[in-house]
1. Might you work out the accessible area of Asp205 for me, using a 1.4 Å probe with all protein chains in place, and round it to the nearest 10 Å²?
2. Please give, to one decimal in nm, the separation of the simple spin-label points placed at Asp71 and Arg152, each 7 Å out from Cα toward the Cβ.
3. Going out from 0 in 10 Å bins, what whole percent of all Cα-Cα distances in segment 196-330 drops into each bin?
4. Just the Cα atoms of segment 190-230: what Rg and Dmax do they give in Å?
5. On the protein heavy atoms, probe 1.4 angstrom, tell me the percent of accessible surface of the chain carried by carbon and sulfur.
6. How long are the three semi-axes of the equivalent ellipsoid for the chain, computed from the Cα gyration tensor as the root of 5 times each eigenvalue, in whole Å, largest first?
7. Per the Kirkwood treatment, what hydrodynamic radius in Å, one decimal, follows for segment 129-256 from the mean inverse distance over all distinct Cα pairs?
8. Quick one: which of 262-269, 317-324 comes out on top by average Cβ neighbours within 10 Å, and what's the full order, highest first?
Amino acid sequence: MVIAQPGSRLRVEERALPEPARHEVRIRVHACGVCHSDSMVAQGHMPGLVYPRIPGHEVIGAIDAIGADVDGWQVGTRVGVGWHSGACGHCRHGNAFACENVQGATGITRDGGYATHMLARASALARVPENMDSVESAPLLCAGITTFNALRHCGARPGDLVAVHGVGGLGHLAIQFAARQGFRTVAVNRGREKEPLARSLGAQDYIDAERSDPAGALQALGGATAIIATVTSAESMQGIVGGLGVNGTMMVIGAVGALTVNSLELLGKRAAVKGWYSGTAVDSEDTLHFSQRNQVTSMNEIYPLEQAQTAYERMMSGKARFRVVLKVGD
């Protein structure tokens with residue numbers, strides 16, 4: 001399913017099977033999540049994009065061909081590929097996510113998983129546990145890794161108060177991860193409609209941002225050690241920063257563009273606002289294994305590959321509960 005140019009609809013395109021180059025494998029795709037980041041391709045929001053492009057960076061499938069100089073992988077192995085499209089392997093500081101030699105993202109600067117087959121660098125591959133369902137688990141390769149990774153790097157320890165800002169595609173996973181990592185988990189959302197769900201997922205407290213000031217409500221609970229900001233509204237993020245406690249950190253994982261923060265809300269508490277990138281292949285593996293062991297599951301709406309445009313529109317509508325997944329093959 002191809003986007004021919006910015007603003008165009010997804011269309012079916014028949015292509016010859018691609019052959020893996022050096023350091024690459026070919027994957028028979030079983031499932032691919034439909035993520036809001038795919039809109040960057042659909043709408044042409046990232047500079048330097050080349051079209052036509054196949055989107056998709058929440059991919060689970062099986063290796064069916066291997067290129068030259070690929071070690072440690074076999075045909076038939078189940079693998080996942082997320083946003084991170086691989087690294088050259090020479091980073092000495094643990095920052096492979098920022099590799100300067102292999103730049104770009106799956107489904108953005110190279111073709112992704114809205115297809116029966118795709119190519120991926122071997123360094124981008126995550127091993128998928130055999131008993132994890134491909135369709136149900138695909139969103140863990142982006143929404144999952146992003147929330148899980150942000151939480152385990154937010155500075156909070158078991159028992160600390162962690163607020164999940166937004167109960168949606170990212171937030172419903174973040175609540176599960178936070179609760180299972182031992183944090184005192186507080187869900188923050190507009191209205192009371194999602195309170196029963198948030199509590200069923202593991203939230204111990206719930207703040208209705210329509211009825212009360214979320215920053216003040218968090219301070220009444222003692223102040224948040226971390227806020228996982230999953231919403232797509234800069235105004236909403238700005239309104240909750242004041243809920244950070246001493247040495248607290250707001251982890252921004254929702255893309256909102258320009259964000260204005262009152263420095264006075266940070267200085268006196270040594271608080272911080274920090275952006276968080278999803279992660280690398282090993283982070284994806286950690287996410288999958290943690291999810292498997294602790295029964296963290298994505299709530300999905302499932303569509304066949306041929307209905308990718310409908311699935312994309314459903315995701316963009318904001319009405320999906322909560323992730324959208326394309327079922328590509330067996």
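The values are calculated or read from the model by the stated rules, or taken from the named source; none is laboratory data. It should be emphasised that the depicted structure is a prediction, and the values quoted were computed from it without experimental measurement. All Cβ positions, even for glycine, are placed from backbone atoms using ideal geometry, and neighbour counts span all protein chains on display. Areas reflect the complete protein model, heavy atoms only, side chains present, ligands, DNA and RNA absent. Shrake-Rupley method; radii C 1.70, N 1.55, O 1.52, S 1.80 Å.
1. Looks like 40 Å² after rounding.
2. Simple spin-label model gives 2.6 nm for this pair.
3. Going from the shortest bin to the longest, the percentages are 10, 29, 36, 20, 5, 0.
4. Spelled out, the Cα radius of gyration and Dmax of segment 190-230 are 10.4, 26 Å.
5. Numbers: 6980 of 14380 Å².
So the carbon and sulfur contribution to the accessible surface is 49 percent.
6. Details: eigenvalues 234, 83, 71 Å².
Equivalent ellipsoid semi-axes, largest first: 34, 20, 19 Å.
7. Numbers: mean 1/r = 0.0697 Å⁻¹.
Hydrodynamic radius (Kirkwood, Cα only) of segment 129-256 equals 14.3 Å.
8. Numbers: 262-269: 11.6, 317-324: 17.0.
The densest-packed peptide leads the list: 317-324, 262-269.
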